[in-house]
Amino acid sequence: TNTKRAYKLQEFVAHASNVNCLKIGRKTSRVLVTGGEDHKVNLWAIGKPNSISSLPGHTSAVESVAFDSTEVFVAAGAASGTVKLWDLEEAKIVRTLTGHRSNCMSVDFHPFGEFFASGSLDTNLKIWDIRRKGCIHTYKGHTRGVNAIRFTPDGRWVVSGGEDSAVKV
């Protein structure tokens with residue numbers, strides 16, 4: 001038998017309350033973003049004990065986080081339905097996007113475009129244009145909340161999973 005052994009590389013307190021979501025940057029695999037019940041979005045370097053920065057702005061629990069493919073932008077959706085977009089190089093919020101009427105449970109960036117998607121308990125999936133500052137399309141296929149969304153690696157499709165037991169492409 002070939003048993004693999006695993007060990008804990010790192011453990012740290014990331015938030016003052018529940019950690020609701022996290023993502024690892026795909027470009028370098030060296031950065032981690034976390035979202036918490038404490039309304040905070042924290043950025044970490046893997047292997048380092050302290051956060052690189054805390055991205056302020058949300059006034060309700062953070063339910064979803066994502067990096068873009070370059071690890072320059074972070075999007076975070078909150079219980080309020082608001083989605084905030086930060087530019088990490090400029091260290092500032094570049095967009096506050098409203099449009100969801102309930103918790104934003106999932107965000108995902110297009111793999112090589114200037115777009116990202118968000119899914120909400122309001123049953124809608126929205127596509128946002130980072131440059132044009134707004135929602136460019138709303139998909140209304142689910143009958144209950146949208147909990148998970150992902151773009152396909154080639155960027156042609158976005159897939160959503162919801163509380164209505166359905167997956168939609």
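See the values below:
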item	result
Only listed residue being more than 20 Å from residue 15 (Cα to Cα), assigned to a loop (DSSP other than H, G, I, E, B) and modelled with pLDDT under 95, chosen from 113, 47	113
Selection status of residue 36, modelled with pLDDT of 95 or more and out of contact with any Gly (no Cβ under 8 Å at 6 or more places or on another chain)	yes
Within the range 46-67, considering residues that are in contact with a His (Cβ under 9 Å, 6 or more places away or on another chain) and in contact (Cβ under 8 Å) with a residue 40 or more places away in the chain, the one surrounded by the fewest Cβ atoms within 10 Å (Cβ to Cβ)	61
Residue 108, sole failed condition from (1) part of a loop (DSSP other than H, G, I, E, B); (2) under 23 Å from residue 45 (Cα atoms); (3) among the acidic types (Asp, Glu)	(1)
Selection status of residue 113, farther than 20 Å from residue 57 by Cα and surrounded by fewer than 17 Cβ atoms within 10 Å (Cβ to Cβ)	yes
Test: residue 84 is basic (Lys, Arg) and touching a residue at least 40 places away in the same chain (Cβ under 8 Å)	yes
Pairs with Cβ under 8 Å, 6+ apart, first in the range 16-44 and without any contact (Cβ under 8 Å) to a residue 60 or more places away in the chain and over 14 Å from residue 72 (Cβ atoms), second of a type in the set (Asp, Glu) and in a strand (DSSP E or B)	20/63; 21/63; 35/63
Complete set of residues in the range 31-72 that are charged (D, E, K, R) and more than 24 Å from residue 130 (Cα to Cα)	37, 38, 48
Residue match in the range 88-97 (condition: outside any strand (DSSP E or B) and within 14 Å of the chain's Cα centre (by Cα))	no
The range 102-129 residues that are more than 22 Å from residue 25 (Cα to Cα), paired with ones that are of a type in the set (D, E, K, R) (beta carbon under 6 Å, 6 or more apart)	102/122; 103/63; 122/101; 124/140
Whichever residue in the range 1-44 is among the polar types (S, T, N, Q) and assigned to a loop (DSSP other than H, G, I, E, B) and, among such residues, is surrounded by the most Cβ atoms within 10 Å (Cβ to Cβ)	18
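The values are calculated or read from the model by the stated rules, or taken from the named source; none is laboratory data. Because the structure is a prediction, the values reported are computed rather than measured. Cβ: placed from backbone, ideal geometry, glycine included. Neighbour counts: every protein chain shown.
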